[in-house]
Amino acid sequence: MAFRSTTGIIFLACLIVLASSAVPKNIKRKPANPPPRAEVDPEKDAEITNSCPDDGFFADAEQCDKYYECRNGEIIEKLCPDGMVFNDYSPEQEKCDLPFNIDCSHRPKLQTPIPSLHCPRLNGYFSHEDPKECGIFYYCVDGKFNMITCPDGLVYNDKTGICTWPDEAKKTGCGAADVFQFDCPPVNETFGLTHPRYADPEDCQFFYVCINGNTPRRSGCKLGQAFDDVSKKCEWARKVPECADWYKDQLTDAELDALENPPTVKPKPSGSQPTRRKSQRPKAKDVVIEE
């Protein structure tokens, strides 16, 4: 009887081992009654969100012209003047800057604009309303504008806030062909790399440099000179046949002579240089008073 009992126990144990090994190990069984999820405490989350990492000034995560001042654990929300954005270069500085100087791609939101005449926002640089006015833009301060005109041949660049070459600005309707009314003649690639020059057909004083043979940029000679399309350089206008009379209504022959032959300043002899020492006044004992 004892032998049969022991054998039965061993047999039962083997069945239990076999049954447990048959269950796949990669299956996670869910408990019959899972514990309830903990509820989110909004006040606790607000404390985390609004807590100051340290004293200083910190940018908002979504809005480029919004920032926060932290002092002794207290946080104060602030806004830059309309048209300016917060410069988060250093938490020790409270600085609002022009949008051209700050990357706002990760926090593109802005406050509601306050427009005025020629000023889409109260502060900043803005293009002329007429897209054909490529070289005119406005500088706005507190809603008051100043009109600025780019130098001849340049256009206002919306991306940088300054005047640049038309091919750099990439502004619709303000390309090099639109601004200059000049197209670079087709040339082979080797000659194009020399940045060939061509005379301005309308103005003897100016010429075009074709960057890589295809992008025109307007340049000019100094007063009294003209661009010689044969030598491809600036020369005195009276020496360029087709431009000999170009300055006839602007400068007299005497003025042209003075420009072409400026007077040379002769160096002064070394012994005649004026001294910087002050003359000594006579002493009292050296003064003779005649009666």
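What follows draws every value from the coordinates through simple rules; no lab data is involved. As the structure is a prediction and not an experimental result, all values here were calculated from the model. Because the Cβ atoms are built from the backbone with ideal geometry, glycine has one as well, and the counts that use them run over all protein chains shown.
Going by average Cβ density within 10 Å per residue, which order do the peptides 152-158, 211-217 take, highest to lowest? Let's see the in-between values first.
Details: 152-158: 19.6, 211-217: 17.6.
Going by the mean number of other Cβ atoms within 10 Å, highest first, we get 152-158, 211-217.
Could you tell me the number of lysine pairs in segment 127-261 with C-alpha atoms less than 20 Å from each other, where the two lysines are 8 or more residues apart or belong to different chains?
Value for segment 127-261: 10.
Starting from the Cα gyration tensor of segment 55-124, multiply each eigenvalue by 5, take the square root, and state the resulting semi-axes largest first in whole Å.
On the way: eigenvalues 103, 29, 22 Å².
The three semi-axes for segment 55-124 are 23, 12, 10 Å.
Could you give the length gained by full extension between residue 159 and residue 265, i.e. 0.36 nm per residue of separation minus their alpha carbon distance, to one decimal place?
Working: separation 106, 0.36 × 106 = 38.16 nm, distance 4.81 nm.
Extending this stretch completely gives an extra 33.4 nm.
First select every other residue whose beta carbon is under 13 angstrom from the beta carbon of residue 260; then total the charges, Lys and Arg +1, Asp and Glu -1. Walk me through the numbers before you get to the answer.
Working: positive: 222, 238, 239; negative: 235, 253, 255, 257.
My count for the surroundings of residue 260 gives -1.
If neighbour count is taken as other Cβ atoms inside 10 Å, put 102, 75, 136 in order from fewest to most. If you can, show how the numbers build up before the last one.
Details: 102 20, 75 13, 136 16.
By the 10 Å Cβ count, ascending: 75, 136, 102.
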